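Undergrad: Quick one: structure below, then a few questions.
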């Protein structure tokens, strides 16, 4: 890893719904603010599930829904697409558990995970 990336993080894109994770719910939800570094909830991080983000603006745009905002961000401890854990069943997160999705479900194209993310600027909101 380059020194610059270790110090300043890697440029990534994050999709949020009103300042929260777009799909994570319950105790899995994370509240984001500009220039405020955040990490995944401890119970998920212990199981290898960190914050999701995207490798490109195009990938983030293809994932977002109406009302979602796309942010440029810096990420540390990035986990590449080919090393992600299996996709989990999102409703199971309400019960503070990680249950696997059916085998045919995969992470959206361009998905990364990061141990820490800091939003740096809002790029756009879909539907506004």
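The values are calculated or read from the model by the stated rules, or taken from the named source; none is laboratory data. Remember, predicted model here, so these are calculated numbers, not experimental data. Cβ coordinates were reconstructed from backbone atoms using ideal geometry, including for glycine residues, and neighbour counts include every protein chain displayed.
Undergrad: Would you pick out the residues in region 39-55 that are under 16 Å from residue 121 (Cβ atoms) and out of contact with any helix residue (DSSP H, G or I) (no Cβ under 9 Å at 6 or more places or on another chain)?
TA: Listed by number, the list is empty, since nothing qualifies.
Undergrad: Name the residue that is modelled with the highest pLDDT, counting only residues in region 42-80 that are surrounded by 18 or more Cβ atoms within 10 Å (Cβ to Cβ) and assigned to a loop (DSSP other than H, G, I, E, B).
TA: So the first thing to find is which residues in region 42-80 are surrounded by 18 or more Cβ atoms within 10 Å (Cβ to Cβ), and the list is 44, 49-55, 59-60, 63-64, 68-71, 73-76, 78-79.
Checking which are assigned to a loop (DSSP other than H, G, I, E, B) leaves us with 49-50, 55, 64, 68.
On the way: 49: 89, 50: 94, 55: 97, 64: 85, 68: 89.
Result: 55.
Undergrad: A further question on this structure: Of all residues in region 8-37, which are closer than 13 Å to residue 70 by Cα, surrounded by 13 or more Cβ atoms within 10 Å (Cβ to Cβ) and modelled with pLDDT under 90?
TA: Within region 8-37, 17, 19, 20, 21, 22 meet the criteria.
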